[in-house]
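Heads up: the structure comes next, in structure tokens.
Values in this text are rule-based calculations from the coordinates and carry no lab data. The shown structure was predicted, so the numbers you read here are calculated from the model rather than taken from an experiment. Heads up, the Cβs are rebuilt from the backbone with ideal geometry, glycines too, and the neighbour counts pull from every protein chain shown.
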Amino acid sequence: MLAKLVPGSVAAAESTSDPAEAALHPAEQDLVRNAVTKRRQEFTTVRWCARRAMEQLGLEPGPVLPGHRGVPQWAPGVVGSMTHCAGYRAAALARTEDLAALGIDAEPNAPLPEGVLESISLPQELGWVRSLGRSHPGISWDRLLFSIKEAVYKTWFPLMRHELDFQDALVTVDPAAGAFRATLLSTGASPAPGAPRHFAGRWASEHGVLVSATWVPARVPAQRSAPRTVLAGSAV
Ligand SMILES: CC(C)(COP(=O)(O)OP(=O)(O)OC[C@H]1O[C@@H](n2cnc3c(N)ncnc32)[C@H](O)[C@@H]1OP(=O)(O)O)[C@@H](O)C(=O)NCCC(=O)NCCS
């Protein structure tokens with residue numbers, strides 16, 4: 001499912017199980033030595049996915065160690081992202097000549113716990129989450145909103161090293177095209193000049209899992225913004 005969501009320059013690998021062949025790199029073993037089984041499994045399988053993606057890019061498969069604030073550390077010249085949830089693990093990698101940053105996120109296609117939607121959404125987002133819930137009931141739109149914001153964060157943070165609150169990004173979705181757009185409204189203290197403000201991306205739902213992916217092209221002309229898309233009944 002992930003390969004359909006990302007540009008052709010991205011190497012994507014995913015798994016819906018924890019196969020026996022998925023093994024930790026020796027340099028990763030200490031990181032989960034005392035972890036519970038669930039954490040060991042997701043940590044191991046997602047890194048096995050990452051190594052498959054490295055091979056697709058023509059790289060020597062190596063360890064993936066967490067760096068500052070949990071950001072995965074990739075080889076020089078590589079950007080990427082990893083995600084895991086019940087029944088799904090995935091990694092996506094690209095060369096920096098193609099993309100400046102990349103974020104993926106997977107969530108179960110099930111409603112958020114009570115009260116969470118209100119804490120992660122803006123009023124405009126509450127509107128489309130509720131109306132799409134009536135017109136397209138097969139998708140947990142509240143959970144998709146959460147997933148998109150997590151994917152945006154995973155793209156933003158490794159690039160800018162600057163926090164982003166859930167209320168800092170306004171998300172709209174195109175339910176028919178499986179596309180979304182996130183616009184940063186405020187980022188607290190000013191980030192560096194040239195920080196991305198618009199994030200275009202794609203999402204899909206398969207086998208009970210929602211997956212979101214977004215990316216920043218390697219070179220964005222200064223005044224160019226992402227294409228306008230008609231989203232959930234309104235132009236954004
Ligand atoms: C870090 C965070 C994004 C992880 O997302 P999640 O849905 O909980 O978990 P996922 O399984 O999808 O992703 C986990 C992976 O994300 C990656 N990750 C962790 N911290 C990261 C960070 N700061 N930046 C980028 N990627 C990160 C890691 O690869 C991690 O896997 P690992 O622990 O096996 O190494 C989330 O816990 C978080 O802190 N969110 C709050 C900030 C936020 O999302 N704001 C929204 C702004 S619009």
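Things worth noting here:
- Criterion (charged (D, E, K, R) and more than 13 Å from the ligand (Cβ to nearest atom)) met by exactly one of Arg51, Arg39: Arg51
- Of the residues making up segment 13-38, just one is in contact (Cβ under 8 Å) with a residue 60 or more places away in the chain and among the aliphatic types (A, V, I, L, M), namely Ala13.
- Among the residues listed as Gly87, Gly80, Gly115, the single one being more than 24 Å from Leu170 (Cβ to Cβ), surrounded by fewer than 21 Cβ atoms within 10 Å (Cβ to Cβ) and more than 8 Å from the ligand (Cβ to nearest atom): Gly87
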